[in-house]
Ligand SMILES: Nc1ncnc2c1ncn2[C@@H]1O[C@H](COP(=O)(O)OP(=O)(O)OP(=O)(O)O)[C@@H](O)[C@H]1O
Ligand SMILES: [Mg+2]
């Protein structure tokens, strides 16, 4: 299975989630291939053509590389994860992403994940409603604000959070 972390906006935790997803899948005994379309290369790349999971980090924009990857995804066993914050600028991005996903026939393969967010905040509830209005699905798991995510440490709390994410999505 392929997992693509995408959002047309930057700084929403695409790379962090991608890196931790790859790590945790490996800890669970799965083999992973890690690739990216981001020239800044924020993830540790792993090449393994026989991998159980192929995970992709992407640059935060509709670049030609991203479009190519997303077009290829239409016919593949793929899950597109869109990390999203709850700010006003993030809200503006939703109609645009929805339109593109529609065009590419990828809506059903896409799940939105709220990041750096308090699980029960009012803005979170509002954003979930907005997504639903566009026919988009958000998962229950919310990536909390955590120090170790930014410092790339491996505490039990971080591992448990990512495990919960993977259980809801792929395992
Ligand atoms: N849950 C979190 N809690 C605290 N800090 C976080 C969390 N997730 C990500 N960060 C930090 O926020 C910043 C942006 O995260 P990240 O690089 O993963 O985003 P991105 O979407 O890949 O950004 P870009 O579009 O620039 O590639 C980083 O400094 C990262 O360490
Ligand atoms: Mg990144």
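Miscellaneous remarks
- Taking other Cβ atoms within 10 Å as a rough exposure proxy, 88, 14, 109, 71 sort from fewest to most as 88, 71, 109, 14.
- Helical content of the chain, expressed as a calculated mean residue ellipticity at 222 nm, amounts to -13000 deg cm²/dmol (DSSP H runs of 4 or more residues, -39,500 (n - 2.57) each, divided by residue number, nearest 500).
- The label-point distance for residue 159 and residue 49, in a model that sets each label 7 Å from Cα toward Cβ, rounds to 3.3 nm.
- Here the Kirkwood formula puts the hydrodynamic radius of segment 2-169 at 16.1 Å, using every distinct Cα pair.
- Normalised contact order of segment 1-90, rounded percent, pairs of Cα under 8 Å and 6 or more residues apart: 43 percent
- Cut-off 15 Å (backbone N to label point 7 Å along Cα→Cβ of residue 170), residues of segment 1-29: 1-6, 14-29
- Relative contact order (%) - criterion: Cα under 8 Å, at least six apart; region: the chain: 22 percent
- In terms of other Cβ atoms within 10 Å, 38, 65, 75 run from fewest to most in the order 75, 65, 38.
- Taking the fewest neighbouring Cβ atoms within 10 Å as the starting point, the ordered list for 159, 127 is 159, 127.
- Share, in percent, of DSSP beta bridges within segment 22-124 that are antiparallel, nearest 5: 10 percent
- Förster radius 25 Å - calculated FRET efficiency between residue 63 and residue 139, Cβ distance, rounded to 0.05: 0.45
Laboratory data are not the source of any read-out in this text; all were calculated from the coordinates shown. Remember, predicted model here, so these are calculated numbers, not experimental data. Quick reminder, even Gly has a Cβ in these numbers, built from the backbone with ideal geometry, and neighbours come from all protein chains shown.
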